[in-house]
Protein chains: 2
Amino acid sequence: MNIAVDAMGGDHAPAAVVKGAIQAAVDMGIDITLVGDSEILAREIASNASSGHIAIHHCNEAVQMDEPPLKAIRKKSDSSIRVAFELAKKGDVDAVVSAGNSGATLAAGIMTLGRIADVERPAIAGLLPGERGPVVLIDVGANVNCRPAHLFQFGVMANAFACSCLGMENPKVGLLSVGEEECKGNEQVRLAYELFEKSQLNFIGNVEGRDIFSGDVEIIVCDGFVGNVALKLSEGMVKIMTKLLKTELLKSFVGRTILLLGRQPFERFRKKFDYEEYGGAPLLGINGVGIVCHGGSSSTAIKNAIKLAALYVENRVLEKMIASLNTVFGPGIQSDIA
Amino acid sequence: MNIAVDAMGGDHAPAAVVKGAIQAAVDMGIDITLVGDSEILAREIASNASSGHIAIHHCNEAVQMDEPPLKAIRKKSDSSIRVAFELAKKGDVDAVVSAGNSGATLAAGIMTLGRIADVERPAIAGLLPGERGPVVLIDVGANVNCRPAHLFQFGVMANAFACSCLGMENPKVGLLSVGEEECKGNEQVRLAYELFEKSQLNFIGNVEGRDIFSGDVEIIVCDGFVGNVALKLSEGMVKIMTKLLKTELLKSFVGRTILLLGRQPFERFRKKFDYEEYGGAPLLGINGVGIVCHGGSSSTAIKNAIKLAALYVENRVLEKMIASLNTVFGPGIQSDIA
């Protein structure tokens, strides 16, 4: 297996990206192709102790975090993220991992690999730490406006991903809304509710914001606007709550002692809510494998994202997703997109 | 000052509501009118030690938590929440507090007191615990679909409320979106951005989910769907994080000792994120004062909601909000609603 890593993408690129890629190569024994400026990358690789099976694929450009995604991808044909997906298209690599501009990663993935037949809107599936294991939140930012049929497709794709890649069995699927009753929500959600209800998915109805971390639902479907707000809010809350707990404890002698004594439980607690543990968010609906990482990814996050990509490839998630979409929709789904 | 409390509304009504009302009456020396079944309420009052200035206004009906709001309010003309707002309309009380069906509270408030002239959509302003004090999130559930001009009005109303009731000076106003750049978000947000940018408000542009608790923005504007998800997600996260921290600590002897020793810092930490501290969410845009409480409100939450209602009345927030709306929009705002 060979995984392409966009070595120029991310707030801490290339150092953290290269380090994480090397860790993945060593730990998992997979081949990595770092895409980016060969001179810089060779230096980075040299500054790390062990290198595993790491190759460099040179390119001259990189998309910046604040560039308009579509424009950047069209203009920069030799950018690391676009070149990485082109390697996947040619079959030189099996998957692409990037912590760069997520809109550009999405655009490059769709433009280069294309969409799965009949999928109108690929989506990003965020993996959140639930009380009883990961929760898949889809979409977390690819589509700010969605039609009901798009939401339903997100659910079908996430279901296939959760079963084949995360080992879930018949995961519970919920539709994110403002109340549990069928009548609650906006029109888009109410119509999507009907589609889910008629399906073979283990649909449990509407769920609310408070259910995202409750562990009572494994797949939560929403549009990319709501999902993005929810994802970033939860990340922000973990950060602020951890910080404030520390602040409160530092205020007293007893508290400082507690901090000293309690390293292990506090560390386990912190890890439970750490996005790094999940590494990245798969791009579902493209005709290939792409993992979008947090811009601020550390080397650990990159390593775990590569691990997720490897699982995705090994478990033939793409094939199973296509089969699943065919079973649900049959040929000619386009006519159902309303 | 006299505040009507819907004594039949809420998961723990009437016990918790009556207890909270009595606490408020005693602590703050204000008159309370409990609206509900007089026999039940007299018994509840009797079971509490001190009663303060508490009166009972009898009514025969109550709206249940799961009833369709509008239908229930229209049908149940003698329901506690409707009667409470009718007392406000007649001038017998200065404000209404309810922990009942929030949709019904909203509907009863609008139907009975009417809207402030030119406000097309009243909204619920949620108060969240920010790092540097409360953050106003508007709307948290009154309007699942909003036009850009509605979002702008929410901002103007929240600004007037934050300044006159929470003592904020020139609070920073942000528009909740999926990225900081002006171009990010859906069409509704992009158009609202332009309205905010032209205004006199201290508009800082788009903010993201992670900014809600950062303390860098005091007023966050969004539609009621997104706001409701965000509010409930944050409540859910606080609950689950507190629980998991405890679970981790209980796993070891050291951890159990920490829990025992650390009561005070842990309690301060818990309080920092406790929605009870803010009590309720004001209904902005109605021609009067209404506070919507969490369905699961404890007596402390009810007491604090009554305190908020009293502040709202004392500080003449409604008058100031009307003046503020007039300054921003002038007469004939309706034509601007697009």
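What is the diffusion coefficient of segment A:1-50 in µm²/s, taking the Kirkwood radius over Cα pairs and the Stokes-Einstein relation at 4 °C with a viscosity of 1.567 mPa s?
Using the Kirkwood radius from Cα pairs, D works out to 121 µm²/s.
Would you kindly work out, in nm and rounded to one decimal, the distances from the label point of A:Asp27 to those of the same position in each other copy, ordered shortest first, with label points 7 Å along Cα-to-Cβ?
4.9
Once you list every other residue whose beta carbon is under 10 Å from the beta carbon of A:Ala13, what net charge do they have if Lys and Arg are +1 and Asp and Glu are -1?
Summing Lys and Arg as +1 and Asp and Glu as -1 gives -3.
From the label point of A:Glu182, set 7 Å from Cα along Cα→Cβ, how far away are the matching label points in the other copies, in nm, ordered shortest to longest?
Inter-copy label distances (nm, one decimal, shortest first): 4.6.
Helix-only mean residue ellipticity at 222 nm, chain A, DSSP H runs n ≥ 4 weighted -39,500 (n - 2.57), per residue, nearest 500. What is it?
-15000 deg cm²/dmol
Mind checking which of B:Leu283, B:Leu128, B:Leu259 has the largest fluctuation in a GNM of chain B, springs on alpha carbons under 10 Å?
B:Leu259
According to the Kirkwood expression over distinct Cα-Cα pairs, how big is the hydrodynamic radius of chain B, in Å? Please list the in-between numbers first.
Details: mean 1/r = 0.0487 Å⁻¹.
One decimal place: 20.5 Å for the Kirkwood radius.
Would you mind getting the Kirkwood hydrodynamic radius of segment B:252-334 from its Cα pairs, rounded to one decimal in Å?
Kirkwood hydrodynamic radius for segment B:252-334: 15.8 Å.
Between A:Arg74 and B:His58, what is the spin-label point distance in nm, taking each point 7 Å from the Cα along the Cα→C-beta axis?
According to this spin-label approximation, the distance is 7.4 nm.
Cα-based Rg (one decimal) and Dmax (whole number) for segment B:1-101, in Å?
Rg then Dmax for segment B:1-101, in Å: 12.6, 38.
Remind me, what semi-axes does the protein assembly as shown give for its equivalent ellipsoid, largest first in whole Å, using sqrt of 5 times each Cα gyration tensor eigenvalue?
47, 28, 24
Distances from B:Thr300 to the same residue in each other copy, label points 7 Å out along Cα→Cβ, in nm, shortest first?
Taking the point 7 Å beyond Cα along Cα→Cβ, the inter-copy spacings are 3.3 nm.
Considering only A:Leu41, A:Leu284, A:Leu233, give the residue with the highest GNM mean-square fluctuation for chain A, with springs between Cα atoms whenever their separation is below 10 Å.
Result for chain A, Cα springs under 10 Å: A:Leu233 fluctuates most.
Residue by residue through B:247-259, how many Cβ atoms from other chains fall within 10 Å of the Cβ on average?
Across the residues of B:247-259, the mean count of other-chain Cβ atoms within 10 Å is 5.
How many Cβ atoms of partner chains, on average, are near each residue of A:175-185 if near means within 10 Å of its Cβ?
For peptide A:175-185, the averaged partner shielding equals 4.
Just how large is the dipole of segment A:158-311 about the Cα centre, in debye to the nearest 20, putting +1 at every Lys and Arg Cβ and -1 at every Asp and Glu Cβ?
1080
Report the per residue volume, in Å³, of the convex hull enclosing the C-alpha atoms of segment B:127-275.
So the per-residue hull volume is 111 Å³.
Alpha carbon centre of segment B:13-78 versus segment B:139-155: separation in Å?
31
Considering the options B:Asn170, B:Val156, A:Phe154, tell which one lies farthest towards the positive end of the dipole of the protein assembly as shown, charges being +1 on Lys and Arg and -1 on Asp and Glu at the Cβ, about the Cα centre.
B:Asn170
Can you tell me which of B:Ala21, B:Ala72, B:Ala125 moves the most in a GNM of chain B? Springs connect C-alpha atoms under 10 Å apart.
Looking only at B:Ala21, B:Ala72, B:Ala125, the largest GNM fluctuation is found for B:Ala72.
Of B:Met1, B:Gly296, B:Phe196, which is farthest towards the positive pole of chain B's charge dipole, taken about the Cα centre with +1 and -1 on the beta-carbons of Lys, Arg and Asp, Glu respectively?
Projecting each Cα onto the dipole axis, the largest value belongs to B:Gly296.
Any idea what diffusion coefficient segment B:196-292 gets from Stokes-Einstein, in µm²/s, Kirkwood Rh on alpha carbon pairs, 25 °C, 0.890 mPa s?
Approximately 147 µm²/s, per Stokes-Einstein.
Quick one: which residues, 5+ away or cross-chain, put their amide H under 5 Å from the amide H of B:Phe203? H built at 1.01 Å from N.
When sequence neighbours closer than 5 places are left aside, the close amide H contacts are B:Val173.
Return the subset of A:Lys243/B:Lys243; A:Lys184/B:Lys76; A:Lys271/B:Lys272; A:Lys232/B:Lys246; A:Lys184/B:Lys307 for which the Cα-Cα distance in this structure is over 19 Å, preserving the input order.
Where the Cα-Cα span goes over 19 Å, the pairs concerned are A:Lys184/B:Lys76; A:Lys271/B:Lys272; A:Lys232/B:Lys246; A:Lys184/B:Lys307.
Just to be sure I understand the rule: take each whole DSSP H helix in chain A, project its Cα atoms onto its long axis, keep it if the span is 30 Å or more and its mean Kyte-Doolittle hydropathy is at least -1.0. Which ones pass?
Sorted by number, the helices that extend far enough and score high enough are A:224-250.
Describe numerically, in nm with one decimal, the distance between label points set 7 Å from Cα along Cα→Cβ at B:Glu277 and at B:Glu194.
In this crude spin-label approximation the distance works out to 4.1 nm.
Work out from phi, with θ = phi - 60° and the Karplus expression 6.51 cos²θ - 1.76 cosθ + 1.60, the ³J(HN,Hα) of each residue of segment B:115-132, listed in order in whole Hz, and give x for Gly and Pro.
For segment B:115-132, the Karplus curve yields 9, 4, 3, 6, 8, 7, 9, x, 9, 9, 9, x, 10, 10, x, x, 5, 10 Hz.
Each reported figure results from applying straightforward, stated rules to the coordinates on display, with no laboratory input. This is a predicted model, so every value here is computed, not measured. Glycine also receives a Cβ, built like all others from the backbone with ideal geometry; neighbour counts cover every protein chain displayed.
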